[in-house]
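J.: Quick one: this structure, given as structure tokens, is what I'll be asking you about.
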Amino acid sequence: MSTDPMSATPMPSTSEVPAAGPAGSFGQPAAGVPVAAPVATQMSAIPTPSGGIPMPLAVAPPIPGVPALPAQARPGLSPDPEWFRTAVFYEALLRSFADSDGDGVGDLRGLISRLDYLAWLGVDCVWIPPFYPSPVRDGGYDISDYTAIDPRYGTMEDFRELVHQAHQRGIRIIIDMVVNHTSDAHPWFQASRSDPEGPYGDFYVWADDDSGYDDARIIFVDTEESNWAYDVERGQFYWHRFFSHQPDLNYRNPAVIEAIHDVIRFWARTGVDGFRLDAIPYLVEAEGTNCENLAGTHEIIAGIRQMLDREFPGTITLAEANQWPEDVVEYFGTEEAPECTMCFHFPVMPRIFYALRQGSAEAIRWVLEKTPDIPAHGQWGTFLRNHDELTLEMVTDAERDQMYAWYAPEERMRANIGIRRRLAPLLDASRAEVELAYALLLSLPGSPCLYYGDEIGMGENIWLEDRDAVRTPMQWDDSPNMGFSSVVDPGALTLPLIQAPGYAHLTVATEMARPDSLLQFTRRILHLRRAHPVLGRGSFLLRPTSDDAVLAHTRCDEPSVEGAETLLCVANLSATPRSVTIEVPELAGKGTTDLFGGCAFPPVDDRGRLTLTLGARGYYWLSVDRTEPDDAPQGDHENHPTEEV
């Protein structure tokens, strides 16, 4: 008998639920097996906007693909200017999320129709990658018009309605702003190449030869041999840090800076809550440098922040800067000259995966110890997977080789300097490892960002080109095209549906109907995190443990915070059970309570030590009592076992 670590009530294992049929990945029924009505199962109370207790639903949706849900609360936006500290972000790749008009391409109206689902799941902010007109040679990050919407995705009216509907549900919206480069189809570039002396002649970085900035690395090593490309029409070379069809803007030209400010103003007026600033370390070039993280780049980012604070106060910026922590921290700026509100912490992500295979917490502990303090106005952003490859740029050569051996044994699983795979297949559909990865993601410093489909354990298609392997249509139900689109011709879909055994049958509808599904687990842990804001706003401190396989840390509110609490988070990265002693001297004599099951746990002893037993890939979030318990249980305590399906 296995026990769900998110509930105090045991759940039947797959072998003990004959009515539901044989199980596949993540507790789902095997492909082709009919799903019986779910058995009512007691679940722990979870705070929801309506104050109710979430229960699995078995009602057939009235519209194919749209989850059947009770009406979700519409509380509007919280006035809290620090909302991003406790928020859970969710990346919804528009073209692959939900198609409302049956053309095979996801769109804004499709996303609007799934906002109740995202509210139910526990999402606080939706991040939407580029939806601008584009040749789509780089997933839309090759923009040909900054102030329009690709008609495949909808209209400006649709976008404003999306923002309005999301805000009604208390969900915020941030969008991608690609500030480093444009598509070579952008009118600015076309004017620059055809009229060097015109107003756009100096909007890009041009040179008579390709010898400049030779200390800059090539990022897309699979496809590019140089950071320069020759333009026949202009008779000069232009600079590009990414694909050759993405020329870099020339930020030494003040007109470029003002043009980008105007673009950001345009979208800020629609009511969006923030911007993810794409690829910002490369904005300025200088000879004798690697052309990354230069002072001029920081001045540009600070200027964007100043403009937003002055004209659109409360609008956040999230930096995508795939750099070492000591370099990324500079993108927060200072209290006197702030830059970004948030920055993605790239180096911690691969080390979570490294630790899971190494069976040791040392890699995670090392990168966290190397992470500098950040200004009070800042917050880290964390993630496990997203629309790009799992980047391995911020690891050593030896670590990269080991990661490839563990996670990408086939050459087609690799892209550039990384791995183009989704979360569940990376972890071999191990429910225990996925749960542990989420428990780490949601308790480490920063605000977590989930990738669409990972909440149901979606698979990948490594036979698709480039990063499209992880960008396939969302799987909503078992209607045609998995509820993503009503298009008749499957060939018209933006990308093929997943057909891989063990993953093709996974859908939102099926997992909503099963209390023990990965989707239900994800929802419970997201709502649990929401109920304990200390996990987003509290201070972070690593704690010494007697076993290197176990990572322990505390999250602590300031005493002045209303409802201040202290949590002790413990994770066993090993595939075998461990008994561990954790040193928390200032908590001596305090009682502890397991947040997942609600059970009292042993108190910290008088020497400030707590001894626990954790199962393989086990984890705890323990609430520390504010006063010493009168009668707390003594001795070791086993954790909730997790199950590998």
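The values are calculated or read from the model by the stated rules, or taken from the named source; none is laboratory data. Here the structure is a predicted model, which is why all the values come from computation and not from measurement. Because the Cβ atoms are built from the backbone with ideal geometry, glycine has one as well, and the counts that use them run over all protein chains shown. The area values use the complete protein model at the heavy-atom level, side chains included, leaving out ligands, DNA and RNA. Shrake-Rupley method; radii C 1.70, N 1.55, O 1.52, S 1.80 Å.
J.: Within segment 263-315, can you find the residues that are hydroxyl-bearing (S, T, Y) and under 25 Å from D214 (Cβ atoms)?
T.: Y282, T289, T297 - these are the residues of segment 263-315 that are hydroxyl-bearing (S, T, Y) and under 25 Å from D214 (Cβ atoms).
J.: Then there is this: Report yes if some residue within segment 475-489 is under 20 Å from the mean Cα position of the chain (by Cα), β-branched (V, I, T) and over 16 Å from L390 (Cβ atoms); otherwise report no.
T.: no
J.: Let me ask something additional. In segment 629-645, is there at least one residue being open to solvent by less than 60 Å² (accessible area, probe 1.4 Å), assigned to a loop (DSSP other than H, G, I, E, B), at pLDDT 50 or above and in contact with a strand residue (DSSP E or B) (Cβ under 9 Å, 6 or more places away or on another chain)?
T.: Within segment 629-645, none of the residues are open to solvent by less than 60 Å² (accessible area, probe 1.4 Å), assigned to a loop (DSSP other than H, G, I, E, B), at pLDDT 50 or above and in contact with a strand residue (DSSP E or B) (Cβ under 9 Å, 6 or more places away or on another chain).
J.: For segment 404-456: of the residues being small (G, A, S) and under 13 Å from the mean Cα position of the chain (by Cα), which is surrounded by the most Cβ atoms within 10 Å (Cβ to Cβ)?
T.: G453
J.: Can you tell me which residue within segment 192-238, out of those that are within 37 Å of the chain's Cα centre (by Cα) and aliphatic (A, V, I, L, M), is nearest to R414 (Cα to Cα)?
T.: Selected residue: V221.
J.: Among the candidates L526, L535, L518, single out the residue that is within 19 Å of the chain's Cα centre (by Cα), at pLDDT 95 or above and closer than 30 Å to E583 by Cβ.
T.: Exactly one residue qualifies, and that residue is L535.
J.: Among the residues that make up segment 357-369, is at least one of them open to solvent by less than 20 Å² (accessible area, probe 1.4 Å), at pLDDT 95 or above and within 18 Å of T315 (Cα to Cα)?
T.: Among the residues of segment 357-369, not one is open to solvent by less than 20 Å² (accessible area, probe 1.4 Å), at pLDDT 95 or above and within 18 Å of T315 (Cα to Cα), which makes the answer no.
J.: List the pairs whose first member sits in segment 193-220 and is under 17 Å from V232 (Cβ atoms), whose second member is open to solvent by 50 Å² or more (accessible area, probe 1.4 Å), and whose Cβ atoms are under 8 Å apart, counting only residues at least 6 apart or on separate chains?
T.: Pairs that qualify, where the first residue is under 17 Å from V232 (Cβ atoms) and the partner is open to solvent by 50 Å² or more (accessible area, probe 1.4 Å), are R193/E233; S194/E233; G201/D195; W206/P196; D210/Y230.
J.: Checking D158 against (1) buried (at least 22 other Cβ atoms within 10 Å of the Cβ); (2) closer than 18 Å to S134 by Cβ: exactly one of these is not met. Which one?
T.: The single condition D158 does not satisfy is (1).
J.: What is the residue count in segment 204-241 for residues that are of a type in the set (K, R), open to solvent by 10 Å² or more (accessible area, probe 1.4 Å) and more than 18 Å from S194 (Cα to Cα)?
T.: 1
J.: If I filter segment 162-203 down to residues being assigned to a helix (DSSP H, G or I) and of a type in the set (F, W, Y), which single residue comes out as most open to solvent (accessible area, probe 1.4 Å)?
T.: So the residue we want is W188.
J.: Here's a follow-up. Scan segment 78-107 residue by residue and report those that are within 18 Å of V163 (Cβ to Cβ), open to solvent by less than 10 Å² (accessible area, probe 1.4 Å) and over 20 Å from the mean Cα position of the chain (by Cα).
T.: Within segment 78-107, D107 is the sole residue that qualifies.
J.: Where residues in segment 476-487 are over 11 Å from F97 (Cβ atoms) and polar (S, T, N, Q), which of them is surrounded by the most Cβ atoms within 10 Å (Cβ to Cβ)?
T.: Ranking the qualifying residues of segment 476-487, first place goes to N481.
J.: Restricting attention to segment 394-421, and to residues there that are touching a Phe, Trp or Tyr at 6+ places or on another chain (Cβ under 8 Å) and in a loop (DSSP other than H, G, I, E, B), which single residue is farthest from P338 (Cα to Cα)?
T.: R421
J.: Could you grab me the full set of residues in segment 539-557 that are open to solvent by 10 Å² or more (accessible area, probe 1.4 Å) and either in contact with a helix residue (DSSP H, G or I) (Cβ under 8 Å, 6 or more places away or on another chain) or of a type outside the set (K, R) (or both)?
T.: S539, F540, L541, L542, P544, T545, S546, D547, D548, C556, D557
J.: Out of (1) crowded, with 19+ Cβ neighbours inside 10 Å; (2) modelled with pLDDT of 95 or more; (3) closer than 29 Å to S546 by Cα, the odd one out for P325 is which?
T.: (2)
J.: Against the conditions (1) touching a residue at least 12 places away in the same chain (Cβ under 8 Å); (2) more than 23 Å from the chain's Cα centre (by Cα); (3) outside any strand (DSSP E or B), where does L568 fall short? Just the number, please.
T.: All conditions pass for L568, except number (3).
J.: For segment 585-616, give me each residue that is in contact with a strand residue (DSSP E or B) (Cβ under 6 Å, 6 or more places away or on another chain) and open to solvent by 10 Å² or more (accessible area, probe 1.4 Å).
T.: Of everything in segment 585-616, those that are in contact with a strand residue (DSSP E or B) (Cβ under 6 Å, 6 or more places away or on another chain) and open to solvent by 10 Å² or more (accessible area, probe 1.4 Å) turn out to be L587, K590, T593, L595, A600, R609, T611, T613.
J.: Filter segment 329-356 down to the residues that are open to solvent by less than 40 Å² (accessible area, probe 1.4 Å), hydrophobic (A, V, I, L, M, F, W, C), under 20 Å from A319 (Cα atoms) and out of contact with any Leu (no Cβ under 6 Å at 6 or more places or on another chain) and list them by number.
T.: Selection gives V329, F332, C340, C343, F344, F346, V348, M349.
J.: Moving to a separate point now. Would a scan of segment 378-386 turn up a residue that is surrounded by fewer than 19 Cβ atoms within 10 Å (Cβ to Cβ) and either assigned to a loop (DSSP other than H, G, I, E, B) or more than 20 Å from the chain's Cα centre (by Cα) (or both)?
T.: no
J.: Another question about this same structure. For D124, work out the one condition from (1) on the phi > 0 side of the Ramachandran plot; (2) open to solvent by 20 Å² or more (accessible area, probe 1.4 Å); (3) under 21 Å from the mean Cα position of the chain (by Cα) it doesn't fulfil.
T.: D124 satisfies every listed condition except (1).
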